[in-house]
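The structure under discussion appears below in the form of structure tokens.
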Amino acid sequence: MNRKIRMVVTPVVLLSLLGGVGFAAKWGYEGATAKAPEKGLAQCVPTDVGDSLEPDEVYLRVLNAGETSGLAKLTATYLRAKDFRVLRYNNANTDEELTQPVVIGNSSDDPEVKLVMGFFENAVARGDGRSDHIVDVLLPTKLARVENPKMSVKVDGLVCLPPPSTAGDSTELAPPETPDPTPSPAKSPAKKK
């Protein structure tokens, strides 16, 4: 009787173990080949800002796409003085020749994009669908600021803004690596800030 039980139980145990090993192998393979979540793709948070959006609620990255050395740092300092939350400044990774400032956000119609555009003459708006609603400002070689910019933009309802923990509201301007704001077939040599 003992022998009959072993003859039945042994294959069942072995098949169970084989099934467990197969499941673990499949789970491990799927985990190893899964696409890693992309950094910086945090979702925005619908925020009640009242009837207008002001600079202290907008997060920016200032990127020098021109040939004027130090322009990103100078512009970032200017925008921080106007109460924008400048996360970083750096050189832009683009071969695009800009003749006017380009303000990039989730959509060209977003209030944060419109507010930032009002600080630069002849600024162009672009939307790239970014989910965090951080605004990038691409600077050309020659830059003209608006003398007395509007310090708010009228809004109706909630505005989708970056969560403060994700945006990393830094107290110091720092020039760390920044993502490439526009696809480029080939990278050009780094330009001086």
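Worth pointing out:
- Residues (exposed (fewer than 10 other Cβ atoms within 10 Å of the Cβ) and among the charged types (D, E, K, R)) located in region 10-34: Glu30
- Meets criteria (more than 22 Å from Val159 (Cβ to Cβ) and either outside any loop (DSSP other than H, G, I, E, B) or in contact (Cβ under 8 Å) with a residue 40 or more places away in the chain (or both)) for Lys142: yes
- Selection count, region 78-98, where residues are aliphatic (A, V, I, L, M) and surrounded by fewer than 19 Cβ atoms within 10 Å (Cβ to Cβ): 2
- Condition check for Lys73 on (1) part of a loop (DSSP other than H, G, I, E, B); (2) surrounded by fewer than 21 Cβ atoms within 10 Å (Cβ to Cβ): one failure, at (1).
- Positions within region 111-127 being out of contact with any helix residue (DSSP H, G or I) (no Cβ under 6 Å at 6 or more places or on another chain) and either touching a residue at least 40 places away in the same chain (Cβ under 8 Å) or among the hydrophobic types (A, V, I, L, M, F, W, C) (or both), in sequence order: Pro111, Glu112, Val113, Leu115, Val116, Met117, Phe119, Phe120, Val124
- Test: residue in region 119-134 that is part of a strand (DSSP E or B), in contact with a Gly (Cβ under 8 Å, 6 or more places away or on another chain) and among the small types (Gly, Ala, Ser): yes
FYI, it's all coordinate maths here, none of it is from the lab. Just so we're clear, the structure is a prediction, and the values are computed from it rather than from any experiment. We place every Cβ from the backbone using ideal geometry, glycine too, and count neighbours over all the protein chains shown.
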